[in-house]
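S.K.: Please read through the structure below; I'll follow up with questions.
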């Protein structure tokens, strides 16, 4: 009797055992349990394949991809930090597209283990770390990227985080920080968000730690018109519908922060 025949007979004799084995095999093949842990029930977006994401019609996936594609133009040959890198797909994209070196940090042990296993590059490193207490010496990075992290922090930690970004940036370094504009533009919210910021609150926070702050918007243009809500039901929504606008009143907020204020605390 061949191996396949033996497995068939075992499956007939022990159907429950065979079912559990099949489920485990599927889970291992597609990494379902692993991705679920990293996602944390939807708190983090998990993108396994960048090229597939580019052709998605999902608003959230496209918005995340678009942010990293937007910031890539500013990072050629720079040493960068991705603070709150989540599932690591954006950090890996930047590592493969022009940066000199990039480190992705996240508070989630599961996310960092996944990132280290899934994404490999000579100029890429992932570390488990709390963004409000970055374990890097001052003036370490040419650029710091952080998308969709601020809203997951309370007010005190938001200030600690932006202060840490300013600290680890070189004097001529630049921070590229983004968050959703939920309070004024988008009507929905998330149970994972601790403190959501309006455009005005976002800019005010950043100006406490940077002398030069430009706030932009990440908007959707569909059939020639601005769409302010995230319209997942639009059948042909694609990457080309996501645009950067200068007014800052859009579903997503992006900022370019220059001239970090170095705040020296008493020892």
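S.K.: Assuming residue 98 fulfils every condition listed in (1) in a strand (DSSP E or B); (2) at positive phi apart from one, which condition is it?
M.R.: (1)
S.K.: Residues to consider are 86, 98; find the one that is within 20 Å of residue 252 (Cβ to Cβ) and touching a helix residue (DSSP H, G or I) at 6+ places or on another chain (Cβ under 9 Å).
M.R.: 86
S.K.: Filter segment 238-251 down to the residues that are in a strand (DSSP E or B) and either modelled with pLDDT under 90 or more than 26 Å from residue 173 (Cβ to Cβ) (or both) and list them by number. If you could, list the steps in order and put the result at the bottom.
M.R.: Start the filter on segment 238-251 by keeping residues that are in a strand (DSSP E or B), which leaves 242-245.
242, 243 - these are the residues of segment 238-251 that are in a strand (DSSP E or B) and either modelled with pLDDT under 90 or more than 26 Å from residue 173 (Cβ to Cβ) (or both).
S.K.: Any residue in segment 200-221 that is assigned to a loop (DSSP other than H, G, I, E, B), surrounded by fewer than 21 Cβ atoms within 10 Å (Cβ to Cβ) and at pLDDT below 90?
M.R.: Within segment 200-221, the first condition is being assigned to a loop (DSSP other than H, G, I, E, B), and the residues that meet it are 208-209.
Add one more test, that the residue is surrounded by fewer than 21 Cβ atoms within 10 Å (Cβ to Cβ), and what stays is 208.
Those still in the list that are at pLDDT below 90 too: none.
Among the residues of segment 200-221, not one is assigned to a loop (DSSP other than H, G, I, E, B), surrounded by fewer than 21 Cβ atoms within 10 Å (Cβ to Cβ) and at pLDDT below 90, which makes the answer no.
This table checks each residue for (1) more than 30 Å from residue 142 (Cβ to Cβ); (2) modelled with pLDDT under 75; (3) outside any loop (DSSP other than H, G, I, E, B); (4) within 16 Å of the chain's Cα centre (by Cα).
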| position | (1), (2), (3), (4) |
| --- | --- |
| 19 | yes, yes, yes, no |
| 22 | yes, yes, yes, no |
| 25 | yes, yes, yes, no |
| 34 | yes, yes, yes, no |
| 43 | no, yes, no, yes |
| 46 | no, yes, no, yes |
| 60 | no, no, yes, yes |
| 65 | no, no, yes, yes |
| 80 | no, no, yes, yes |
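S.K.: Okay, moving on. Out of all the residues in segment 103-131, which are touching a helix residue (DSSP H, G or I) at 6+ places or on another chain (Cβ under 6 Å), surrounded by 19 or more Cβ atoms within 10 Å (Cβ to Cβ) and free of Cβ contacts under 8 Å to residues at least 60 places away in the same chain?
M.R.: Selection gives 104, 106, 119, 124, 126, 131.
The values are calculated or read from the model by the stated rules, or taken from the named source; none is laboratory data. Just so it is clear, the model here is predicted, and its values are computed rather than measured. Glycine also receives a Cβ, built like all others from the backbone with ideal geometry; neighbour counts cover every protein chain displayed.
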